[in-house]
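Structure, as structure tokens:
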Amino acid sequence: MSDPLYLDHNASTPTVPRVREVAARALLEGFGNPSAGHVYGRRARAFVDTARAQVARLIGCDADEILFTGGGTEASNLAIRGFAAAHAGSQVMVLASRVEHPAVTEPVRALTDRAPGSALVDVDETGAVLPEVFRRALADGAHQGPTLVSVMLAQNETGVLQPVSDIARLARARGAVVHTDAVQAVGKVPVDVRALGVDLLSIAGHKLYAPKGVGALYVRRGTPLSPLLVGAEHERGLRPGTENVSGIAALGEACAMAHEDLEREAERQRGLRDWLEAELAASGFVVHGARAARLPKTCNGHFRGVRGAALLEALPELAFTTGSACHSGEETPSAILTAMGIGREEALGAIRVSIGRGTTEADVERAAHLLLRAAAAPPHPSRPPRASAPPTG
């Protein structure tokens, strides 16, 4: 049997040949320590410097505002917890949306003892944050201390794009620092940190065709931040540890590739996504967040009366994600979908199909045919659902 058709690019992307080639060259030629002053160290440093410039070019900042990390989760933790650590002794406040990735919501929850005014802000029925809600949250209470606002640029489950620039304008007018988790957005839609007005922005390599285990954090010059780890003075002293040269080189090349054809590839994927949704809608498929601006590659929705886990079980030919988790035989609906006001049964029916660079028209036609056939088939209650987890990427 051939491998299943891969339609889970929001979770992770396959590395592409040009990225693998750069990573392999960095392994061969960049084995020296980038901090060393000899020729081998300089060769390794050249790979890191090139990648830093490539990442910066993609998001519209200066190269020295890019820090390399071990991934998107580390980048967001460094942004949130590093901001709190930089204001040790002060009562900080962190405001984030209710549909953030756990890499943001968990650090926010962990800070509640020293940031009692912190909160997760609601979204509307489309899954979008209303700037006015953030404005009220910033204005409420008598908090006068350091404030951090964190709003993701693109929601990982629904693909809904958030009004980050509008929220950043409100937040910065009140002296707040603004972070955005742009892990799903970078390399998929245009991202310009100056236009967004953010101070901190998280990137993950494996979401844009680089390997896992490498990411980056944009830190606007002058933004207060303290390291989470201590050690040598790598990455401006904010991320100690010898740099992952091959991973960083791969991330840089992935960013360069995205910069070359971002709008053209986004339009291609949007066409495939829209065609898929139209085909599924003819059989009652309901798209979640359909009225909001979304990533061009993401389709999240449900067939009425059909559980997502049942579809996943019935379709070993497709690799996609459901909107529920299975714990001890009991399914739990996605917290992201329920925050949007979607009912339990509809949320349990959710599936996420995410398209990538390698997805073709034939792939989408095949996926539509298989999903429609499985959705129309009678359920098999005697067959336990495949263990699944909610989309965390």
Self-check item: Of residues in region 261-275 being farther than 30 Å from ARG52 by Cβ and of a type outside the set (A, V, I, L, M), the one farthest from the chain's Cα centre (by Cα)
Solution: TRP275
Quiz item: Are there any helices (runs of 4 or more DSSP H) wholly within region 67-149 with 1 or more residues that are open to solvent by 40 Å² or more (accessible area, probe 1.4 Å) and under 24 Å from GLY215 (Cβ atoms), and if so which?
Solution: 72-86, 102-110
Exercise. Would you list the strands (runs of 3 or more DSSP E) that sit entirely within region 179-297 and hold 2 or more residues that are open to solvent by less than 50 Å² (accessible area, probe 1.4 Å) and at pLDDT below 95?
Key: none
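Let's see how each residue does on (1) in contact (Cβ under 8 Å) with a residue 24 or more places away in the chain; (2) closer than 25 Å to GLY301 by Cβ:
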| site | (1), (2) |
| --- | --- |
| ARG136 | no, no |
| GLY145 | yes, no |
| VAL149 | yes, no |
| LEU153 | yes, yes |
| GLY159 | yes, yes |
| GLN162 | yes, yes |
| ASP166 | yes, no |
| ARG169 | yes, no |
Quiz item: Restricting region 1-19 to residues that are surrounded by 15 or more Cβ atoms within 10 Å (Cβ to Cβ) and more than 16 Å from ALA204 (Cα to Cα), which is farthest from the chain's Cα centre (by Cα)?
Solution: LEU5
Self-check item: Counted residues, region 212-248 - those being over 30 Å from ALA195 (Cα atoms) and hydroxyl-bearing (Ser, Thr, Tyr)
Solution: 2
Quiz item: Looking only at region 298-307, which residues are within 15 Å of GLY343 (Cα to Cα) and open to solvent by less than 60 Å² (accessible area, probe 1.4 Å)?
Solution: ASN300, GLY301, HIS302, PHE303, VAL306
Self-check item: Filter result (part of a loop (DSSP other than H, G, I, E, B), open to solvent by less than 30 Å² (accessible area, probe 1.4 Å) and in contact (Cβ under 8 Å) with a residue 24 or more places away in the chain) within region 20-48
Solution: GLY30, PRO34
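So that you can scan it fast, the table gives a plain yes or no per residue for (1) within 21 Å of THR359 (Cβ to Cβ); (2) under 24 Å from the mean Cα position of the chain (by Cα); (3) of a type in the set (A, V, I, L, M, F, W, C):
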residue: LEU228; (1), (2), (3): no, yes, yes
residue: ARG239; (1), (2), (3): no, yes, no
residue: HIS259; (1), (2), (3): yes, yes, no
residue: GLU277; (1), (2), (3): yes, yes, no
residue: LEU280; (1), (2), (3): yes, no, yes
residue: HIS288; (1), (2), (3): yes, yes, no
residue: LYS297; (1), (2), (3): yes, yes, no
Practice problem: Determine whether GLY82 is under 15 Å from the mean Cα position of the chain (by Cα) and touching a residue at least 60 places away in the same chain (Cβ under 8 Å). | Solution: no
Self-check item: Residue tally, condition in a loop (DSSP other than H, G, I, E, B) and open to solvent by 40 Å² or more (accessible area, probe 1.4 Å), over region 56-66
Solution: 1
Quiz item: When only residues in region 11-54 that are in contact with a His (Cβ under 9 Å, 6 or more places away or on another chain) and hydroxyl-bearing (Ser, Thr, Tyr) count, which is farthest from GLY71 (Cα to Cα)?
Solution: SER35
Practice problem: Out of the residues in region 154-176 that are open to solvent by 10 Å² or more (accessible area, probe 1.4 Å) and part of a helix (DSSP H, G or I), state the one that is farthest from GLY349 (Cα to Cα). | Solution: ALA173
Quiz prompt | Of all residues making up region 329-355, the number that are modelled with pLDDT of 95 or more and assigned to a strand (DSSP E or B) | solution = 4
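The values are calculated or read from the model by the stated rules, or taken from the named source; none is laboratory data. Note that the structure is a prediction, hence the values are computed from the model and not measured. Cβ sites come from the backbone with ideal geometry, for glycine too, and all protein chains shown count toward neighbours. Each accessible area value is taken on the protein alone, full model and side chains, heavy atoms only, with ligands, DNA and RNA left out. Shrake-Rupley method; radii C 1.70, N 1.55, O 1.52, S 1.80 Å.
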